[in-house]
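Report on the structure given below.
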Amino acid sequence: MSAPTVVERMAALERFTAATATRLPERALAPATSLIGRAGERLALSQLHTVVALAGATGTGKSSIFNALAGTTLSQTGVRRPTTGEAHACVWGAEHAEPLLDWLGVTRRHFREGGEPDLSGLVLLDLPDFDSVQVAHRAEADRLLSVVDLIVWVLHPQKYADKVVHAGYLSRFHRHRDITVVALNAVDLLSAPDAEECAADLRRLLAADGLGDLPVLATSTVGPPGLDPLLKAIRQAVFARQAAVRRLEADLADVTATLTPTVASAPPKTAFDADTSRQLTDALANAAGVPVVTAAVENAYVHRARKATGWPLLRWIRHARPDPLQRLHLGDHQAAVPAATSLTPASPAAQAGVAKALREAADRAGAPLPAPWQDAMLAAVRSHRDDLPDALDRAVAQTDLGVARKRWWWRLIGLVQWIAVAIAFVGLLWLGVRLAMTALALPPLPVPKVDGWLPMPTALLAGGLLAGLLLAILVRPVVRLSARARRRRAAKRLRASIADVVKNLVEAPATAVLTDYTTARTALREAGAALPPR
């Protein structure tokens with residue numbers, strides 16, 4: 001399987017920035033965003049040209065090297081600070097070079113006609129001194145060092161160990177070894193043993209900078225060995241026409257190494273485990289007034305059952321009492337669902353419980369992730385905190401509590417109660433007729449007796465009243481048991497509704513963070529994919 005191209009890896013880095021744009025601080029993504037823009041611009045410009053920069057401190061002779069390679073005096077030389085204040089460019093082959101120079105921001109340009117064909121496509125830059133006392137000069141050098149294709153570090157035997165060079169520059173470019181050339185200039189000032197000793201010490205310092213095994217080219221503009229070693233290295237880079245791509249690869253390695261700690265941990269499979277979801281549901285159910293609603297369900301069931309099964313002569317008392325659920329605008333799902341309930345807002349203790357549960361859920365979900373993502377997870381879990389009260393109220397209002405429909409056995413008990421009332425009424429009517437006949441001195445009607453002693457009208461009246469009262473008393477524990485069962489069922493349904501709110505307003509944003517993290521982690525691994533040995 002072939003290694004991904006630099007374009008594919010840049011696309012992967014772009015996917016990383018897209019996935020992390022709202023998750024990581026802008027300053028952390030700035031190098032990646034800048035590189036993506038710079039890479040697109042550089043690849044769109046001439047790939048027939050290789051931009052080589054001569055970088056060095058004041059007095060190292062880089063301008064002399066520039067003039068010698070250009071074949072004419074283009075850049076001022078000397079040891080006075082500052083000497084080179086603005087970048088100079090010498091171009092071998094002018095075709096398509098102007099847009100590239102415009103992009104580089106180099107205005108001092110010289111175009112060589114003819115010359116060595118091996119150097120066709122070379123854009124040689126003499127950078128301002130990076131140790132200049134002028135801040136603008138150092139800034140210009142740093143700007144160009146961040147975009148050129150190949151960097152030639154020109155060092156002098158008297159100042160090659162300068163900490164400004166190594167700590168401030170060479171060590172920062174330790175991943176750019178493939179586009180780095182080190183030239184130890186002015187070796188004509190040294191004897192052969194001293195030159196070799198100086199080169200060996202420089203290689204030691206380069207190894208400490210992370211640039212071990214990087215060749216050190218000895219150069220001189222006034223004597224042996226001349227500039228041939230450097231010219232050969234430049235020719236190779238120009239001929240290969242890969243320096244621009246190698247530069248982008250090195251920059252990619254630099255950026256991805258910086259960003260790797262942000263996605264270093266393996267992501268969990270899910271944002272919330274079962275225990276976390278349960279604790280969140282408990283806290284939100286308490287804040288939504290589920291205990292109040294379930295108690296109202298039990299009381300409403302008892303209230304409605306007794307209206308249907310109680311002693312008919314006393315039912316008017318039950319009808320005069322308010323329905324516990326109707327007071328809350330709940331319970332009848334055969335009618336329109338109310339826009340809101342009449343539940344009181346959550347108490348401060350319940351609100352604190354919700355805040356605590358959200359924080360603990362975010363801590364658990366973000367614990368396996370690096371620090372920036374833990375902050376993103378907390379923000380995501382809390383993102384709909386202001387929407388939770390209304391969402392919970394709607395969830396409670398829209399839940400079928402299972403008390404709207406009358407039970408079949410209520411109707412049966414109610415029928416029996418009315419039969420008992422009818423029997424008592426027959427007995428009462430019979431006694432009334434007898435009383436009227438006696439008052440009118442009419443002969444009394446014959447009255448059958450129960451067990452030979454209890455008149456039938458009296459038996460009907462007393463039996464009907466006692467049967468109805470006894471039935472109302474006997475059905476009470478059954479109603480209470482059924483009401484408790486209905487309360488448990490309503491609690492289960494309400495928790496399911498609250499769990500949906502948790503899933504949509506808390507878990508879904510947390511899952512989105514986890515998805516972005518996984519996408520970012522995969523994309524960064526693709527962007528930083530190792531290339532085969534060169």
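The values are calculated or read from the model by the stated rules, or taken from the named source; none is laboratory data. Since the model is a prediction, treat every value here as computed from it, not as a measurement. Don't worry about glycine lacking a Cβ; one is built from the backbone with ideal geometry, like all the others, and counts go over all protein chains shown.
Is one or more of the residues making up segment 433-446 assigned to a helix (DSSP H, G or I) and either outside the structural domain of W408 (by TED's automatic domain parsing) or in contact with a helix residue (DSSP H, G or I) (Cβ under 8 Å, 6 or more places away or on another chain) (or both)? Steps first, answer last, please.
Of all residues in segment 433-446, those assigned to a helix (DSSP H, G or I) come to 433-439.
The next check asks that each one be either outside the structural domain of W408 (by TED's automatic domain parsing) or in contact with a helix residue (DSSP H, G or I) (Cβ under 8 Å, 6 or more places away or on another chain) (or both); those that pass are 434.
Yes, there is a match, as at least one residue in segment 433-446 is assigned to a helix (DSSP H, G or I) and either outside the structural domain of W408 (by TED's automatic domain parsing) or in contact with a helix residue (DSSP H, G or I) (Cβ under 8 Å, 6 or more places away or on another chain) (or both).
Please go through segment 1-43 and give me each residue that is in a helix (DSSP H, G or I), among the β-branched types (V, I, T) and either in the same structural domain as C90 (by TED's automatic domain parsing) or under 21 Å from A512 (Cβ atoms) (or both), ordered by number.
Restricting attention to segment 1-43, the residues satisfying the condition of being in a helix (DSSP H, G or I) are 6-20, 26-43.
Next cut, among the β-branched types (V, I, T) only: 6-7, 17, 20, 33, 36.
Across segment 1-43, the qualifying residues are T17, T20.
Which ones in segment 388-410 are part of a helix (DSSP H, G or I) and more than 15 Å from R476 (Cα to Cα)? Before the answer, list the steps.
As a first pass, look at segment 388-410 and keep what is part of a helix (DSSP H, G or I): 388-398, 408-410.
L388, P389, D390, A391, L392, D393, R394, A395, V396, A397, Q398, W408, listed by residue number.
Might you let me know whether segment 485-492 holds any residue that is within 30 Å of L358 (Cα to Cα) and not charged (D, E, K, R)?
Let us first name the residues in segment 485-492 that are within 30 Å of L358 (Cα to Cα), namely 487-492.
From what's left, not charged (D, E, K, R): 490-491.
There is at least one residue in segment 485-492 that is within 30 Å of L358 (Cα to Cα) and not charged (D, E, K, R).
Tell me which helices (runs of 4 or more DSSP H) are completely within segment 272-372 and hold 3 or more residues being farther than 25 Å from L412 by Cβ and at pLDDT below 85, or say none if there are none. Quick ask: steps written out before the conclusion?
On the way: elements: 274-287, 290-309, 315-319, 324-327, 348-366.
Hits in segment 272-372: 348-366.
For segment 121-152, which positions are at pLDDT 90 or above and of a type in the set (S, T, Y)?
Matches in segment 121-152: S146 only.
Every residue in segment 11-43 that is within 17 Å of W103 (Cβ to Cβ) and modelled with pLDDT of 90 or more, please.
Of the residues in segment 11-43, the ones within 17 Å of W103 (Cβ to Cβ) are 34-43.
Once the filter is applied, which keeps residues that are within 17 Å of W103 (Cβ to Cβ) and modelled with pLDDT of 90 or more, segment 11-43 yields S34, L35, I36, G37, R38, A39, G40, E41, R42.
Name every residue in segment 257-271 that is under 12 Å from A361 (Cα atoms) and not in a loop (DSSP other than H, G, I, E, B), in order of residue number.
If the condition is that a residue be under 12 Å from A361 (Cα atoms) and not in a loop (DSSP other than H, G, I, E, B), then no residue fits.
Which of the residues belonging to segment 44-81 are assigned to a loop (DSSP other than H, G, I, E, B), under 25 Å from Q242 (Cα atoms) and modelled with pLDDT under 90?
Initial filter on segment 44-81 (assigned to a loop (DSSP other than H, G, I, E, B)): 45-49, 57-61, 71-81.
Add one more test, that the residue is under 25 Å from Q242 (Cα atoms), and what stays is 45-49.
Within segment 44-81, L45, S46, Q47, L48 meet the criteria.
Within segment 475-494, track down each residue that is of a type in the set (A, V, I, L, M, F, W, C) and farther than 13 Å from A305 by Cα. Steps first, answer last, please.
As a first pass, look at segment 475-494 and keep what is of a type in the set (A, V, I, L, M, F, W, C): 475, 478-479, 481, 483, 485, 490-491, 494.
Across segment 475-494, the qualifying residues are A485, A490, A491, L494.
Just to be sure I understand, how many residues within segment 258-311 are in contact with a Gly (Cβ under 7 Å, 6 or more places away or on another chain), closer than 20 Å to L474 by Cβ and not aliphatic (A, V, I, L, M)?
2
Looking for something within 29 Å of I36 (Cβ to Cβ), basic (K, R), part of a helix (DSSP H, G or I) and in contact (Cβ under 8 Å) with a residue 60 or more places away in the chain - is there at least one such residue anywhere in segment 506-524? Working first, answer last.
Taking segment 506-524 first, the residues within 29 Å of I36 (Cβ to Cβ) are 509-524.
Add one more test, that the residue is basic (K, R), and what stays is 521.
Pick out the ones that are also part of a helix (DSSP H, G or I) and you get 521.
Going one step further and asking which of them are in contact (Cβ under 8 Å) with a residue 60 or more places away in the chain, we end up with 521.
Checking segment 506-524: at least one residue is within 29 Å of I36 (Cβ to Cβ), basic (K, R), part of a helix (DSSP H, G or I) and in contact (Cβ under 8 Å) with a residue 60 or more places away in the chain.
What do you reckon, is D118 assigned to a helix (DSSP H, G or I) and either of a type in the set (A, V, I, L, M, F, W, C) or out of contact with any Lys or Arg (no Cβ under 7 Å at 6 or more places or on another chain) (or both)?
Numbers: assigned to a helix (DSSP H, G or I): yes; either of a type in the set (A, V, I, L, M, F, W, C) or out of contact with any Lys or Arg (no Cβ under 7 Å at 6 or more places or on another chain) (or both): no.
Considered against the rule, which asks whether it is assigned to a helix (DSSP H, G or I) and either of a type in the set (A, V, I, L, M, F, W, C) or out of contact with any Lys or Arg (no Cβ under 7 Å at 6 or more places or on another chain) (or both), D118 comes out as no.
Within segment 115-125, identify whether any single residue is of a type in the set (D, E) and under 25 Å from S34 (Cα atoms), and answer yes or no. First the steps, then the outcome.
Initially, segment 115-125 is screened for residues of a type in the set (D, E), giving 116, 118.
Those left that are additionally under 25 Å from S34 (Cα atoms): none.
So far as segment 115-125 goes, no, none of its residues is of a type in the set (D, E) and under 25 Å from S34 (Cα atoms).
Report whether or not A496 is out of contact with any Asp or Glu (no Cβ under 9 Å at 6 or more places or on another chain), modelled with pLDDT under 95, part of a helix (DSSP H, G or I) and of a type in the set (G, A, S). Don't jump to the end; show me each part of the working.
On the way: out of contact with any Asp or Glu (no Cβ under 9 Å at 6 or more places or on another chain): yes; modelled with pLDDT under 95: yes; part of a helix (DSSP H, G or I): yes; of a type in the set (G, A, S): yes.
Yes: the conditions hold for A496.
Which ones in segment 181-197 are crowded, with 20+ Cβ neighbours inside 10 Å and not aliphatic (A, V, I, L, M)? Break it down stepwise before answering.
As a first pass, look at segment 181-197 and keep what is crowded, with 20+ Cβ neighbours inside 10 Å: 181-187.
The one that is crowded, with 20+ Cβ neighbours inside 10 Å and not aliphatic (A, V, I, L, M): N185.
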